[in-house]
1. Lys/Arg Cβ at +1, Asp/Glu Cβ at -1, dipole of the chain taken about the Cα centre: which of L96, V55, I79 is farthest positive-ward?
2. So what's the angle, to the nearest 10 degrees on a 0 to 90 scale, between helix 74-96 and the longest Cα principal axis of the chain?
3. Would you mind working out the magnitude of the charge dipole of the chain relative to its Cα centre, with +1 at each Lys and Arg C-beta and -1 at each Asp and Glu C-beta, to the nearest 20 Debye?
4. Name the residue, out of V180, V82, V28, whose mean-square fluctuation peaks in a Gaussian network model built on the chain with Cα pairs under 10 Å.
5. Accessible area per residue of the chain at 1.4 Å probe, in Å²?
6. Of A44, L223, P10, which is farthest on the positive side of the dipole of the chain, counting Cα position, with +1 on Lys and Arg Cβ, -1 on Asp and Glu Cβ, and the Cα centre as origin?
7. In what order, largest first, do D183, D190 sit by accessible area if the probe radius is 1.4 Å?
8. Would you mind telling me the share, in percent, of accessible area of region 145-194 contributed by carbon and sulfur at probe 1.4 angstrom?
Amino acid sequence: MAALLVSVLPLAVGAAVSPTLLALQLLVLTGSTKPLARAWALTAGAALALGAFSVLGLTVLNHLRPAEHGHHSLRGAVIMFVAGALMAALAVRSLLRRPTPAEQQKTRTAGRLEGAPTYWFVGVGAIGMAVNFSTLVLFLPALHEITRSSVALVGKGIAFAILFVVTLLPVLIPVGLVTVSGDRAGPALDATHAFVARHSRQIGIVVELVFAGYLVWRGLAELP
C-alpha cells in the first residue's frame, strides 16, 4: 500500500497544480452574485467530469493486456513516455500561445459568468476540468499505477480516493476556505487571484516541463 501511494502521490500533486482551474474558481468566488453557491456548483461539475474521466480511463486500462506486477512493465513504460511527451507538447503550446488561460478567462468569461444562473456553473466546472489537459495527462498514469497494483481492492479504493481528492484541491481549497471563514477570506482570495492571473503561464510551463522530465524518468525505470 505504501509503495502504491508513493507512486501515485507525485502524479496526483502534479495533476492538482492547475492554475487555469484555480483561476476559474477564484474568478467565481470574487464575483458579486452568489459566489459561494456558484463555487460549490463549479466544484461539483469538476468532480463529475473527473469522475467520468476516471470511469473511461479505468475501462480502457482494464481492457488492455494485463500489466506485469512489480517494478518493470513495458506497458507502464509506454504510458509514462507518452504522458511525458504530451506534457512536453503542452509546455511548448504554453510557450507559444497568447493570451494566457487566466487572461482569456478575464477577458472572455467574466462577463458571461456574472449573469449566468447558479446551476450553469456545474457545466462551467465540468468544461474547465475537461479542457484542463495537463491535469488529465497526469491523472491517467496515476490510474494505471492503481490498476496494475497487487494490493487488495480496498487499498486500491483508498489510493483512488486520495488521487481524486488531491486532483480537485484547486477548486476544493478556495471554496472550503470561504465556507469556513466567510468574508475574512476575501483579501487572501483577491491576492491569490491577482497572483495566479499574472503568473498562470509561467506556473503552467514549469509544471509541464518538470513532470515531462519526471514521467520520462519513470518510464525509463519501468523498462524491463
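1. The residue sitting farthest along the positive end of the dipole is L96.
2. Roughly 30 degrees between the two axes.
3. Dipole about the Cα centre, nearest 20: 360 debye.
4. Taking springs between Cα atoms under 10 Å, the residue moving most is V180.
5. 49
6. My answer, from the dipole projection, is A44.
7. The residues order as D183, D190, largest area first.
8. That fraction is 73 percent.
The values are calculated or read from the model by the stated rules, or taken from the named source; none is laboratory data. Just so it is clear, the model here is predicted, and its values are computed rather than measured. Positions of Cβ are backbone-derived with ideal geometry, glycine not excepted, and every protein chain shown enters the neighbour counts. Calculation scope for accessible area: heavy atoms of the full protein, side chains included, ligands and nucleic acids excluded. Shrake-Rupley method; radii C 1.70, N 1.55, O 1.52, S 1.80 Å.
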